[in-house]
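The values are calculated or read from the model by the stated rules, or taken from the named source; none is laboratory data. Since the structure is predicted, the reported quantities are computational estimates derived from the model, not experimental observations. Counting neighbours? That spans all protein chains shown, and the Cβs are built from the backbone with ideal geometry, glycine included.
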Amino acid sequence: MRRETLQRPFSSHALTALGAAACAGLAFMALRFRSYYLLPLSERPLHGAHGLLRSSGDLGLPLGIVGYALIFLNLGYLLRRAYVKWEWMGTLRDWMSMHVFTGIVGCAMILLHSTFQPRSPIGGLAFLSLFVVLVTGLVGRYIYAHVPRSMQGQELELSDLRLRLEELRASLGARGIGLGEEPSTPEAAPHHGLASALGAMIEGDRQAARDYARLRRLVLSSPELTDAAEEILPLARRYVRESRWLSYYQELRDVMAGWRFFHRWFAIVMLIFALGHVLIAMRVGGLMSGVP
């Protein structure tokens, strides 16, 4: 088993760190100016930070512009996945990391831009649809993590997954770990909806954790295996996780396809509302004239 298959790419770590830092900074800003954000709308113009923080203010407006730009860039993953096949533009895994980063940070910026109280109907609709896109995106990220993929981010076919499991079994067997019978793919279960599929995935995670804990105890309790634990345990963790993938492989693929359709159309609706909000703000909301 090549070591590269056990590591996340550097770009993923970098974007995770950058996203965490950006969200921490935005959370600090919200905490720092909580006295403004907790005021009713009618009292905010009397606050000293109103000119800075209001939606069209010196800081509020740039937050909205950058946040909207990040949400727009967020769709780049969809284009890269569906239409752009040039590998020099980065792997799908890199683009997924960017997708998560721009989605979370962009939503946080727009939340601060709105001052937590959208004031126009279309702004409220844009905000609500953004919230739905964020929640469905987090659910989708959980599903995405369970769909077998190569290090480039491409979904693995069943034959590829079986081959990778055989390689892992061979690697563990060569290190003295017996795994019993090979995992098999059951008959496709009837589809009962996204909620039941997520429940099955959560239970699968629990079972994988129990299987890994058993293998970990076996390795750490064996004098012959303890010295090689740092090499064996990552392989064991990957094996039990991918074995669970195999047990509901087709259901995962079906759920991912259905969720992707739902999430994509909510994102498009959100962008339409957001664009309408921007156009109205520019035309009648005083955005360009500096009117509060």
*Can you pull out the residues in the stretch 99-123 that are assigned to a helix (DSSP H, G or I) and either over 20 Å from A17 (Cα atoms) or in contact with a strand residue (DSSP E or B) (Cβ under 6 Å, 6 or more places away or on another chain) (or both)?*
I110, L111, L112, H113, P121, I122, G123
_Residue ID - nearest to the chain's Cα centre (by Cα), chosen from residues in the stretch 35-84 that are within 29 Å of Y144 (Cα to Cα) and of a type in the set (F, W, Y)_ = Y77
_Residues that are of a type in the set (G, A, S), modelled with pLDDT under 85 and buried (at least 18 other Cβ atoms within 10 Å of the Cβ), drawn from the stretch 101-128_ = G123, A126
*Looking at L63, L78, L70, which one is within 16 Å of Q117 (Cα to Cα) and surrounded by 16 or more Cβ atoms within 10 Å (Cβ to Cβ)?*
L63
*the stretch 45-98, residues that are aromatic (F, W, Y) and not in a helix (DSSP H, G or I)*: Y83, W86
*outside any loop (DSSP other than H, G, I, E, B), free of Cβ contacts under 8 Å to residues at least 24 places away in the same chain, touching a Leu at 6+ places or on another chain (Cβ under 9 Å) and not assigned by TED's automatic domain parsing to the domain that holds A69, is that true of L246?*
no
_Can you say whether R241 is surrounded by fewer than 17 Cβ atoms within 10 Å (Cβ to Cβ) and in a helix (DSSP H, G or I), as far as the supplied structure shows?_
no
